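Trainee: Have a look at the structure that comes next, please.
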Amino acid sequence: QGQLVESGGGVVQPGGSLRLSCAASDLIFSLYTITWYRQAPGKQRDLVATITGKGSTNYEDSVEGRFTISRDNAKNTSYLQMNSLKPEDTAVYYCNARRGWQQTWGQGTQVTVEA
């Protein structure tokens, strides 16, 4: 099943940057597609960015050009670099690892963008 642990969240001013990390254990990390999701209070959990095991990426329209997803398979870690942050980016960010029908979620990390 594996485990995922997110880190790197915090409070940042509009226009600032944060880098989130998703550390995986007990799974063959390179075989899994990693997706970052976010969930704002009272809203559904939405896809932010995806990276396959081979490095192909996809982004939600509102973060395209501001966020960058990456992975280091040797470190079993995925990253989400977030630049030019906006108040509407405020949410709990979750990491998901998926391979076929198998998937694992992390516990989430809070990102707050406020002046």
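Trainee: Based on what the data block shows, is Leu47 of a type outside the set (Asp, Glu), free of Cβ contacts under 8 Å to residues at least 24 places away in the same chain and closer than 19 Å to Thr112 by Cα? Full working, then the answer.
Mentor: Values: of a type outside the set (Asp, Glu): yes; free of Cβ contacts under 8 Å to residues at least 24 places away in the same chain: yes; closer than 19 Å to Thr112 by Cα: yes.
When the stated conditions are applied, Leu47 passes them.
Trainee: While we're here: With the requirement that a residue be crowded, with 16+ Cβ neighbours inside 10 Å, more than 16 Å from Gly53 (Cβ to Cβ) and among the hydroxyl-bearing types (Ser, Thr, Tyr), what does the stretch 79-92 give you? First the steps, then the outcome.
Mentor: Here is the first cut: in the stretch 79-92, the ones crowded, with 16+ Cβ neighbours inside 10 Å are 79-80, 82, 85, 89-92.
Keeping just the survivors that are more than 16 Å from Gly53 (Cβ to Cβ) gives 80, 82, 85, 89-92.
Scanning the stretch 79-92 gives a single hit, Thr90.
Trainee: Something else about it: Here are the criteria: (1) more than 30 Å from Glu114 (Cα to Cα); (2) open to solvent by less than 30 Å² (accessible area, probe 1.4 Å). Tell me which single one Cys95 does not satisfy.
Mentor: The single condition Cys95 does not satisfy is (1).
Trainee: Can you name the residue in the stretch 1-60 that is of a type in the set (Phe, Trp, Tyr) and either within 14 Å of Asn96 (Cβ to Cβ) or part of a loop (DSSP other than H, G, I, E, B) (or both) and is also modelled with the lowest pLDDT among such residues?
Mentor: Just the residues of the stretch 1-60 that are of a type in the set (Phe, Trp, Tyr), to begin with: 29, 32, 36-37, 59.
From what is left, the residues that are either within 14 Å of Asn96 (Cβ to Cβ) or part of a loop (DSSP other than H, G, I, E, B) (or both) are 29, 32, 36-37.
Numbers: Phe29: 93, Tyr32: 96, Trp36: 98, Tyr37: 98.
Applying the filter and picking the extreme gives Phe29.
Trainee: While we're looking at this one, here's another question. What's the number of the condition Ala97 fails, among (1) more than 15 Å from Ser25 (Cβ to Cβ); (2) in contact (Cβ under 8 Å) with a residue 12 or more places away in the chain?
Mentor: Answer for Ala97: the failing condition is (1).
Trainee: Looking at Arg45, is it among the basic types (Lys, Arg) and closer than 12 Å to Ala91 by Cα? Even if it seems obvious, please write down each step before you answer.
Mentor: Numbers: among the basic types (Lys, Arg): yes; closer than 12 Å to Ala91 by Cα: yes.
When the stated conditions are applied, Arg45 passes them.
Trainee: If you check Thr68, Thr50, which single one turns out to be within 11 Å of the chain's Cα centre (by Cα) and open to solvent by 50 Å² or more (accessible area, probe 1.4 Å)? Let's see the steps before the verdict.
Mentor: On the way: Thr50 fails: open to solvent by 50 Å² or more (accessible area, probe 1.4 Å).
From the options Thr68, Thr50, the qualifying one is Thr68.
Trainee: Right, something else. If only one of Ala40, Ala23 is of a type in the set (A, V, I, L, M, F, W, C), under 24 Å from Val113 (Cα atoms) and either open to solvent by less than 30 Å² (accessible area, probe 1.4 Å) or in contact (Cβ under 8 Å) with a residue 60 or more places away in the chain (or both), which one is it? Don't jump to the end; show me each part of the working.
Mentor: Numbers: Ala23 fails: either open to solvent by less than 30 Å² (accessible area, probe 1.4 Å) or in contact (Cβ under 8 Å) with a residue 60 or more places away in the chain (or both).
Ala40 is the lone residue from the list that is of a type in the set (A, V, I, L, M, F, W, C), under 24 Å from Val113 (Cα atoms) and either open to solvent by less than 30 Å² (accessible area, probe 1.4 Å) or in contact (Cβ under 8 Å) with a residue 60 or more places away in the chain (or both).
The values are calculated or read from the model by the stated rules, or taken from the named source; none is laboratory data. What you see is a predicted model, and the numbers here were worked out from it, not measured in a lab. Note: ideal-geometry Cβ built from the backbone for every residue, glycine included; neighbour counts use all protein chains shown. We work out accessible area using only protein heavy atoms, side chains counted, and drop any ligands, DNA or RNA first. Shrake-Rupley method; radii C 1.70, N 1.55, O 1.52, S 1.80 Å.
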